[in-house]
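The values are calculated or read from the model by the stated rules, or taken from the named source; none is laboratory data. All of these numbers come straight from a predicted model, not from anything done at the bench. Glycine also receives a Cβ, built like all others from the backbone with ideal geometry; neighbour counts cover every protein chain displayed.
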Amino acid sequence: MRSTLLCAAAVLAMLVGSAAKAQLLFGMETLDATNHPDGFGPNGGGITVTQDTIGATQLTHSMKDSIVTGATFVGALTTTLPAQLNGAPLPVQSVLFDYTLPTTFTGGFAVAGVTVFGFNAPLSQFGLQAQFSDIEHFEGKAPGTYTAQIDLVGATNPLDFTPGQSFNQIFTDNVAPAANQLNPAGFQIFFNKTGDQPLTVYIDNVRLGVVPEPATAGMLAAAAGLMLARRRRA
């Protein structure tokens, strides 16, 4: 009975782990022609984006985002998209990234989130965007390294789309998207703050959370249920 219980626990652990697979999107190791890490450049006045080593949690480099006094809503934007964003093999669930705060922000609120830009073929209208409402708060946190999880399940400004749609409802990798669907064309981590206090944050290990294939999740759940049933009969 003890061995059956251990097997059941192992299968349940596999099932839980499979629900949050993560695929690396940006490791901040590669500089483009303008010396921006993984193509991330400033989107909006008042922010500088450079490669650094502080706060590196994936390999040796990070992305340093410095928002100067007076800047409010700005972002670090790249149009260099990995394959996982342009037609992920599994449904996209969230974006996770590690961030390091060198000092405590005390100038009001300071948050970060994710915006995905796209175009609707054949119009190729780059600039259509979906900003996701799940945000990470920076204010008041002690200096250190943290992990943010931005769930891509409810867009707050999807323009021509119904509010609350998920990434998978808005974006597709099809050559000719269906009505009201976009091809991914740009990925942004945005920052929004109040007050005049500057904000510096180091971003690394940007990764994509996906849900498991239904068949895989079903098999694991069935196996776990069978083992638990055998334990009850023992």
### Query
Are any of the residues in region 135-151 out of contact with any helix residue (DSSP H, G or I) (no Cβ under 8 Å at 6 or more places or on another chain), at pLDDT below 85 and surrounded by 14 or more Cβ atoms within 10 Å (Cβ to Cβ)?
no
### Query
Just to be sure, is Ala33 in the same structural domain as Phe187 (by TED's automatic domain parsing), in a loop (DSSP other than H, G, I, E, B) and surrounded by 20 or more Cβ atoms within 10 Å (Cβ to Cβ)?
no
### Message
Just checking, does region 41-48 include any residue being within 24 Å of Val111 (Cβ to Cβ) and either in a helix (DSSP H, G or I) or in contact with a His (Cβ under 7 Å, 6 or more places away or on another chain) (or both)?
### Response
no
